[in-house]
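Novice: Starting off with a structure, shown below.
The values are calculated or read from the model by the stated rules, or taken from the named source; none is laboratory data. Everything numeric here is computed off the predicted structure, so don't read it as measured data. Note: ideal-geometry Cβ built from the backbone for every residue, glycine included; neighbour counts use all protein chains shown. SASA here: full protein model, heavy atoms, side chains in, ligands and nucleic acids out. Shrake-Rupley method; radii C 1.70, N 1.55, O 1.52, S 1.80 Å.
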Amino acid sequence: MAMMWAGRFSKEVDAKVNAFNSSIAFDARMYKQDIAGSIAHATMLGEQGIITMEDSLTLIGGLKEILADIENGKLEFDPNAEDIHMFIEAELTKRLGDVGKRLHTSRSRNDQVALDIRLYLRDEIKAIKKLIKELIETICKIAKGHADTIMPGYTHLQRAQPITFGHHLMAYAQMLLRDIERLNDTEKRMNVNPLGSCALAGTTYNIDRFRTASLLEMREPMANSLDGVSDRDFCMELASALSICMVHLSRFSEEIIMWCSWEFKFIELDDAFSTGSSIMPQKKNPDVTELIRGKTARVIGDNMMLLTMMKGLPLAYNKDMQEDKEAIFDAVDNIKLCLVTFIPMLDTMKVIKENMRNAAAKGFINATDCADYLVKKGMPFRTAYKITGGLVALCISKNTTLEELPLEDYRQQSELFDNDVYTAISLETCVKERKSYGGPSPESILAQIDLTQRKLGEIYG
Ligand code: ARG
């Protein structure tokens, strides 16, 4: 098959090179954006008198028909086409004859592809943000029901201080809010118009790049034509934002995996979101969360791929950049798959409060509160810390807990101890009194949920 650019060549390109060079297998998904870009371009060409108004309208009509035919299945992508841009232009020319050949006036595939990816990712960011919003709402709903469900908070995976399950969940809501903000930023910087950069050096035609920007609902034309065709920052930025979001999902997944284990048994996943073993009849595995953890590696890999692919490229376009699409599409596809599955999995999980409460009752997680009790009676914190450490050691040697240690043992360490120490160190008090802004008390959790919902309303646009 003779290529569109065959004029300069005396031989046909080797079939292996054609197959190697072709990107239609993975860029066909941008057909809608390619057609939208071409319609804006044809409109501008007509308005500027670069082509006649009649040709402009014919081109737009032809492009709309191609779009309809792709969507209703009448037109199939030609796997031998070089890419989606060539495919649509060739189809247009097949349908319109010479008029079709006017579309590419003062345009190159270099600015065309830079535009198409931006338009495509702009839509994808919207879809991803919508899913993250849904996840935040699900977390808020569950947290509301567990504003007073006591569980141990950990550092170094060692029981540390008492918190509530609502508090733990709402930490993820904050991370996800920042993920939406990062996507907002990415979207803002991405939504600028490279069209009219042409191959690299702009054009001698009197084009109007502001007009195509406004037709495509983009903020402004990109200020430098070399940058317009060379910039893939927006792919790297999106891949970074998605990697961070995936890391959040991965940490959450890791915790769910632990919480499902018999060692914790804080939660149980719904059967519909668990899998079995082919040999061990008793097994119920949290495959979904493990796969999310695994796919996080993949999205981070996509991010690394883009950075590495770009780092040595001279300006302007280089064919290496064709590789951008598979990486960024993979990242986008996979985060959506993860979110779509994670949300209902979380929504249907069963929380086993008693096991959380039992775990919180062990491990001396009220020791800080015991020291604080002495501080509130006038003792300096460091002294109180030391005395409480001694009490913990005593409990360990007697195989008991601070709650059960007799008052004489307390008073032997300090005369400041009284009967009210038992209320002060009860887990309920420890949690209820942690009312500091952002803390785990039930009232603080309800405030955090309110704040999160308000913030979500502000940033989700
Ligand atoms: N398929 C190409 C890509 O994705 C389109 C741009 C081709 N431009 C060129 N000068 N060969 O990057």
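Novice: Take the residues of the stretch 303-331 that are more than 16 Å from the ligand (Cβ to nearest atom) and under 27 Å from residue 197 (Cα atoms): which is most open to solvent (accessible area, probe 1.4 Å)?
Specialist: 311
Novice: Keeping to the stretch 303-320, report how many residues are out of contact with any Cys (no Cβ under 9 Å at 6 or more places or on another chain) and in a helix (DSSP H, G or I).
Specialist: 8
Novice: Can residue 383 be described as in contact with a Leu (Cβ under 9 Å, 6 or more places away or on another chain) and closer than 30 Å to residue 182 by Cβ? Before you say what the answer is, go through the steps one by one.
Specialist: Numbers: in contact with a Leu (Cβ under 9 Å, 6 or more places away or on another chain): yes; closer than 30 Å to residue 182 by Cβ: no.
Judged against the criteria, residue 383 is not a match.
Novice: Another question about this same structure. What single numbered condition from (1) within 16 Å of the chain's Cα centre (by Cα); (2) assigned to a strand (DSSP E or B) fails to hold for residue 159?
Specialist: Of (1) within 16 Å of the chain's Cα centre (by Cα); (2) assigned to a strand (DSSP E or B), only one is false for residue 159: (1).
Residue-by-condition table, conditions (1) in contact (Cβ under 8 Å) with a residue 60 or more places away in the chain; (2) open to solvent by less than 70 Å² (accessible area, probe 1.4 Å); (3) within 16 Å of the ligand (Cβ to nearest atom); (4) within 27 Å of residue 147 (Cα to Cα):
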site	(1), (2), (3), (4)
294	no, yes, no, no
301	no, yes, no, no
343	yes, yes, no, yes
351	yes, yes, no, yes
369	yes, yes, no, yes
373	no, yes, no, yes
376	no, no, no, yes
400	no, yes, no, no
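Novice: Which members of the stretch 238-263 meet the condition of being hydroxyl-bearing (Ser, Thr, Tyr), over 13 Å from the mean Cα position of the chain (by Cα) and surrounded by fewer than 21 Cβ atoms within 10 Å (Cβ to Cβ)?
Specialist: 261
Novice: Could you tell me whether the stretch 264-281 includes any residue that is open to solvent by less than 20 Å² (accessible area, probe 1.4 Å), touching a Ser or Thr at 6+ places or on another chain (Cβ under 7 Å) and of a type outside the set (Ser, Thr, Tyr)?
Specialist: no
Novice: When you scan the stretch 80-98, do you find a residue that is open to solvent by less than 10 Å² (accessible area, probe 1.4 Å), more than 16 Å from the ligand (Cβ to nearest atom) and more than 18 Å from residue 216 (Cβ to Cβ), even just one?
Specialist: yes
Novice: Mind checking which residues of the stretch 14-51 are in contact with a helix residue (DSSP H, G or I) (Cβ under 7 Å, 6 or more places away or on another chain) and part of a loop (DSSP other than H, G, I, E, B)?
Specialist: 23, 51
Results for (1) more than 13 Å from the ligand (Cβ to nearest atom); (2) farther than 26 Å from residue 118 by Cβ; (3) modelled with pLDDT of 95 or more, shown as yes or no for each residue.
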position: 6; (1), (2), (3): yes, yes, no
position: 12; (1), (2), (3): yes, yes, no
position: 15; (1), (2), (3): yes, yes, no
position: 18; (1), (2), (3): no, yes, no
position: 22; (1), (2), (3): no, no, yes
position: 25; (1), (2), (3): no, no, yes
position: 33; (1), (2), (3): no, no, yes
position: 42; (1), (2), (3): yes, no, yes
position: 49; (1), (2), (3): yes, yes, yes
